[in-house]
1. Out of Leu473, Leu486, which single residue is in contact with a Ser or Thr (Cβ under 7 Å, 6 or more places away or on another chain) and either more than 19 Å from Thr302 (Cα to Cα) or surrounded by 13 or more Cβ atoms within 10 Å (Cβ to Cβ) (or both)?
2. Out of (1) open to solvent by 70 Å² or more (accessible area, probe 1.4 Å); (2) within 30 Å of Gly716 (Cβ to Cβ); (3) at pLDDT 85 or above, what's the single condition that is false for Gly551?
3. So which pairs qualify, if the first residue must be in region 59-78 and of a type in the set (S, T, N, Q), the second must be open to solvent by less than 10 Å² (accessible area, probe 1.4 Å) and not in a helix (DSSP H, G or I), the Cβ gap must be under 6 Å, and the two must be at least 6 apart or on different chains?
4. List pairs: first in region 519-540 and over 12 Å from Leu566 (Cα atoms) and assigned to a helix (DSSP H, G or I), second aromatic (Phe, Trp, Tyr) and open to solvent by 10 Å² or more (accessible area, probe 1.4 Å), Cβ under 8 Å, 6+ apart or cross-chain?
5. Would you be able to say whether some residue in region 719-730 is at pLDDT 85 or above and under 30 Å from Ile641 (Cα atoms)?
6. Suppose the filter is assigned by the TED database to the domain that holds Ser320, in contact (Cβ under 8 Å) with a residue 12 or more places away in the chain, open to solvent by 30 Å² or more (accessible area, probe 1.4 Å) and in a helix (DSSP H, G or I); does Phe225 pass it?
Amino acid sequence: MSLEVEKPLFIETTKRLERQDSLIGDAEKVSNIKGHGSEGNWTQVLHLAFQSIGIIYGDVGTSPLYCYSSTFPNGVKDKDDILGVLSLILYTLILLPMIKYVFIVLYADDNGDGGTFALYSLISRYSKIRLIPNQQAEDSMVSNYSIESPSLSLKRAQWLKEKLESSKAAKIGLFTITILGTSMVMGDGTLTPAISVLSAVSGIKEKVPSLTETQIVWISVPILFMLFSVQRFGTDKVGYSFAPIISVWFVLIAGIGIYNIVVYEITILRAFNPMHILYYFGRNGKEAWISLGGAILCVTGTEGMYADLGHFNITAIQISFNGVLFPSVALCYMGQAAYLRKFPENVADTFYRSLPAPMFWPTFTVAILSAIIASQAMLSGAFAILSKALSLGCFPRVRVIHTSKHHQGQVYIPEVNFLMGLASVIITITFRTTTEIGNAYGICVVTVFSITTHLMTIVMLLVWKKNIIFILLFYVVFSSIEWIYLSSILSKFIQGGYLPFCFALVLMALMVTWHYVHVMKYWYELDHIVPIDEVTALLEKHNVQRIPGVGILYSELVQGIPPVFLRLVEKIPSVHSIFLFMSIKHLPIPHVAPVERFVFRQVGPREHRMFRCVARYGYSDGVEDSGQFARFLAERLKMFIEDENAFAVEKPENEDTDSPSGVSEGQTKPRKSARSVHSEEVIEPPMNNHVGRISSYSLQTIEEEKQLIDAEMKRGVVYLMGSANVIAGPESPTLKVVVVDYVYSFLRRNLAEGHKVLSIPKDQLLKVGITYEI
């Protein structure tokens, strides 16, 4: 099933869209706004660094609970193998989390936001790869995009740009690996609580050996329930609550690590010599390669650093990782290795066996709390990534709650939290031990690593325009490491490794279905837009009444007037005194300033008082409640009328003077066809280039118009929404019928409706039913 719609060019559609709609371009123009993670004083940075300890590092910080036992599931055959595995763990920590993520990947932020969808949107601003057809050549005019057109000397970037834009396979491929990465992050967020809590609770068997495996599982379940219950309080509150606990945890494991090094074997520091990795593989061959699936668990949660970038900033994460996380975890692993060199038979429960006796209960208590917190990184990251996917039309409508007034990008999604919590509990009850969960966990981790490496390589080529030697070095080094790890983990596919693939398959099918129908529906509306002259003729009919109040008709279409308007007037032959065709458009940037939220166009003659409007949001912006939205809309509309009517644009004699863009809403100019608009460079004049003479509208008339808007707003605002029933065409293949008529319809019926997402009161809502046959 193709993601991109292949349909013939309709002559009527071409005529309707013969000119470049200047509202589209103006809807992309916003002022330069720095990302929320790009600035801040040192006090704020240190606060964020402290918070990040509790949110980001719980996962990787608790990996010493199960890393050695997963690496040596059959016991230690040679004491020198411990030295080799320790060296492997240390250099995995240095290469992947530290060098790749902390010092390279974090800088590929999308105005402060991170994650696979942030990389995808960053690439989409430099190359037209998005499948939704509302992307235009004017995207590059948005100052917040921070685009510099490739110069002639940078032929490599220009060549890649052309290849990505001209290749349907490349567009679908990039979209596919992006949603695969998102699915794996979701899987990571589901598996992390299960393995972390189970491994921590299992430690109690050291003091209460009579506990059975079943009893440990049922002790873990209420802990998991508590973890997912506190997510609704948001990253801000959860971070400040969790950070002190994780800080104590890091102090404990670092101190215990130093103690074990001093007591058992201080020469364990030899592991910093990477030759011990080669010696380990030389002694063990295939068994060493298989053990990589356990060693990779030392970096679980690393992707959370990047996915949670929108919750914090680069500097805060760098400070907390290099100053707290890495020293503490490295000392812990070295201490455990020193202990195992003396007592290799205890590898199945290394962490708790290596504790000094007086420290067991304090450490066990903090370990339980830390295991609960360990899930926070991937949960926060999953919420952040899905909020981006939602705004880009790649995920079904769900309610996104912004949980902090002080730190942008901190979000919570109730439905997703519930489903992830339920899945985590089911996995815990079903698998019961950390061994098979660890196999599934490792596949999620390394798959996301690999996807990030490939997307980052495109960013380096297309956006950063780095030296080709640096790009090749980055790609070859990190992709080689990740493929070696992935090949090892895939050998355990039957022993639990299948789980993340099943999870990802279901989630990807859901996302592909939603996005596919979303694109098809958009094209249907684009092919059936209503010409302005038809709207004008309709309003001049005697049976169409103008009624008091303000009407706002919502549509996803930004290129014109949607077909649902004709349906509305046919059924209810009346139009409000002031009528707006409203489109909510999410730009592929995190934030749009509120003062630049709205862009307007006059529809037809001024006396009709009909407007098209685009409300622009970044993918991390929340939509205002209906009352605030209406008030802000009215103020901006009055400013538009004042601006448009105070001055007329100075134009050549052969051009129309009623439209600020030089073309009235009912007039057409020769241009590219509708099907090629989104992939061709079309230049248009700016919207508000006001120079010239005083308009025929007097200042008194302008004031009267503004007073009329205030009066009609007081009479009431009615929100109109098209309730489109999308069905497959009569000659559609069976797969398309199943996807559109059953899967999509089920999702649409059972997930949040549009008016709930937009917080529209029911007593102000009027739905208009219409069927789209695609």
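1. Just a single option satisfies the conditions, and that option is Leu486.
2. Failed condition: (1).
3. Ser63/Thr300
4. Asp527/Phe10
5. Scanning region 719-730 turns up at least one residue that is at pLDDT 85 or above and under 30 Å from Ile641 (Cα atoms).
6. On the way: assigned by the TED database to the domain that holds Ser320: yes; in contact (Cβ under 8 Å) with a residue 12 or more places away in the chain: yes; open to solvent by 30 Å² or more (accessible area, probe 1.4 Å): yes; in a helix (DSSP H, G or I): yes.
So Phe225 fits the description; yes.
The values are calculated or read from the model by the stated rules, or taken from the named source; none is laboratory data. Just so you know, these numbers come straight off a predicted model, no measurement behind them. All Cβ positions, glycine included, derive from the backbone under ideal geometry; neighbour counts span all protein chains shown. Note: accessible area is taken over every heavy atom of the protein model, side chains too, but ligands, DNA and RNA are not part of it. Shrake-Rupley method; radii C 1.70, N 1.55, O 1.52, S 1.80 Å.
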